[in-house]
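Below is one structure, written out as structure tokens; the observations come after it.
The values are calculated or read from the model by the stated rules, or taken from the named source; none is laboratory data. Owing to the predicted nature of the structure, the values given are computational and were not obtained by experimental measurement. Ideal geometry is used to build each Cβ from the backbone, glycine not excepted, and the neighbour counts take in all protein chains shown.
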Amino acid sequence: KTSLDIASIRKDFPVLNRKVNGKPLVYLDNAATSQTPQQVIDVIVEYYHRYNANIHRGVHTLSQEATDAYEAARGKIQKHFNIAKPYEVILTSGTTHSINLVANGFSSFIKEGDEILVSAMEHHSNIVPWQMLCERTGGILKVIPMNQNGELIMEEYHKLLSEKTKLVFCNHVSNALGTINPIEEIIDAAHNVGAAVLIDGAQAAAHIKPDLQALDVDFYTVSAHKMCGPTGVGILYGKEELLKKLPPYQGGGEMIAEVTFEKTTYADLPHKFEAGTPNICGGIAFGAALDYMNSLGFENIAEYEDELMSYATRQLLTVEGLKIYGTAKNKTSVISFNIEGTHPYDIGSILDKLGIAVRTGHHCAQPIMDFYQIPGTVRASFSFYNTKKEVDVLVEGVKRARNMLL
Ligand code: PMP
């Protein structure tokens, strides 16, 4: 039994009172974007009501208040992920931006024939930037394979590593399958051959509170909108010595020390990577989202979501012809499935008519779909504000959809 008071938590999320197509909303697309609690909405409203101003360069009160709040949020992020220094937190527009920043910077270091390893279960945002990097540099992209359960084949990973490996990229949790990858082992083994590691934490951070210093990871990325924060803001964590070596990604205001037409020198970290006016309100709200989730406790969240997932897995498997993709021992509350003889899009559309929000398609992870030789899946992803009753509504909806389609 969970120690969380789910009924009272649900009251924090105004959107959960909505009706969709005349039915109470059952929101099960949390892996794409989580909903926003009133506590975070209040922070956003307060910012625009009281102290909307540009940061870091203003002498006036509003600018100073906004700067203080933005930097306080950076401090909350630092503490939450146990990052050694505040300037190792680069505020970005989200995971995609963070990954491109690193991939772009590594163009200076990758030489022809150097190898970059990516896992077979990456989001497109963690494949395409590396392909672009390889095109620019002559680097070679190699893939860590996975098995039918949706787990990485670690023996193959160890075989792929060599002194040619310069970088390893892997998600902490797969968005399409929910698999929690053994990132400790991945990081340690890569370091043994002198390779740097970037872990994409976009899916993990809503369920797991990673200790980035203990992991000894080189880079880690997060998107706030998957953990009760707003869209358009996230972080790149990087170790100080690596961030210092990486060239800047974008040029502009904020990121310079001195500019003349002959030469420009760059600002210190983190500003070197924070060109232009950032998502100030978003950064502040990200801090508030972390406060909110920490007030519930990540262990409580994970325990309750596991309970929901086990229940949903058992119930869904009672539907005739239903197959679940991603049956790893270690997984978060994501269930990807298909029903024999139906198309995921049709199931998703019928569920929407019943007020149930799920995602259908390839989930920006086409190689996984190719691996299973399917066009896509229906994905239900659960958050701590979902209930067993909602799982029952989903299962009834899926049965109804199946009967309508077959
Ligand atoms: N990686 C993973 C594993 C994801 O789930 C997502 C979002 N679906 C991303 C990267 C990209 O995140 P964003 O769109 O916030 O940049």
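Odds and ends about this structure:
- Among (1) surrounded by 16 or more Cβ atoms within 10 Å (Cβ to Cβ); (2) more than 15 Å from the ligand (Cβ to nearest atom), the one test that Glu240 misses: (1)
- Meeting the requirement of 1 or more residues that are within 16 Å of Glu115 (Cβ to Cβ), the helices (runs of 4 or more DSSP H) wholly within segment 145-230 are 154-160, 183-192.
- Scanning segment 355-404 for residues being crowded, with 20+ Cβ neighbours inside 10 Å and within 22 Å of the chain's Cα centre (by Cα) gives a total of 17.
- Being assigned by TED's automatic domain parsing to the domain that holds Glu274, within 22 Å of Asn294 (Cα to Cα) and either touching a Cys at 6+ places or on another chain (Cβ under 6 Å) or not in a strand (DSSP E or B) (or both) is a condition met by no residue of segment 107-126.
- Qualifying positions in segment 127-144 - surrounded by fewer than 22 Cβ atoms within 10 Å (Cβ to Cβ) and assigned to a strand (DSSP E or B): Ile140, Leu141, Lys142, Val143
- Answer residue from segment 79-106, given it is part of a loop (DSSP other than H, G, I, E, B) and under 17 Å from the mean Cα position of the chain (by Cα) and is farthest from the ligand (Cβ to nearest atom) among those: Phe81
- Subset of segment 364-373 [touching a helix residue (DSSP H, G or I) at 6+ places or on another chain (Cβ under 8 Å) and either within 13 Å of the ligand (Cβ to nearest atom) or assigned to a loop (DSSP other than H, G, I, E, B) (or both)]: Cys364, Ala365
- Pairs with Cβ under 6 Å, 6+ apart, first in segment 117-145 and at positive phi, second more than 16 Å from the ligand (Cβ to nearest atom): Gly138/Glu112
- Among the residues of segment 10-62, those that are away from the ligand (no atom under 16 Å from the Cβ) and among the β-branched types (Val, Ile, Thr) comprise Val15, Val20, Val26, Val40, Ile41, Val43, Ile44, Val45, Ile55, Val59, Thr61.
- For Val43: the one exception among (1) closer than 30 Å to His158 by Cα; (2) of a type in the set (Val, Ile, Thr); (3) over 17 Å from the mean Cα position of the chain (by Cα): (1)
- Pairing residues of segment 355-372 that are in the same structural domain as Leu394 (by TED's automatic domain parsing) and in contact (Cβ under 8 Å) with a residue 12 or more places away in the chain with residues that are more than 12 Å from the ligand (Cβ to nearest atom) and in a helix (DSSP H, G or I), at Cβ distances under 6 Å and at least 6 apart in sequence or on separate chains, gives Ile356/Leu394; Ile356/Gly397; Val358/Gly348; Val358/Leu351; Thr360/Pro344; Thr360/Tyr345; Thr360/Gly348; His362/Met369.
- The residue of segment 36-62 that is nearest to Asn294 (Cα to Cα), among those that are polar (S, T, N, Q) and surrounded by fewer than 18 Cβ atoms within 10 Å (Cβ to Cβ), is Gln39.
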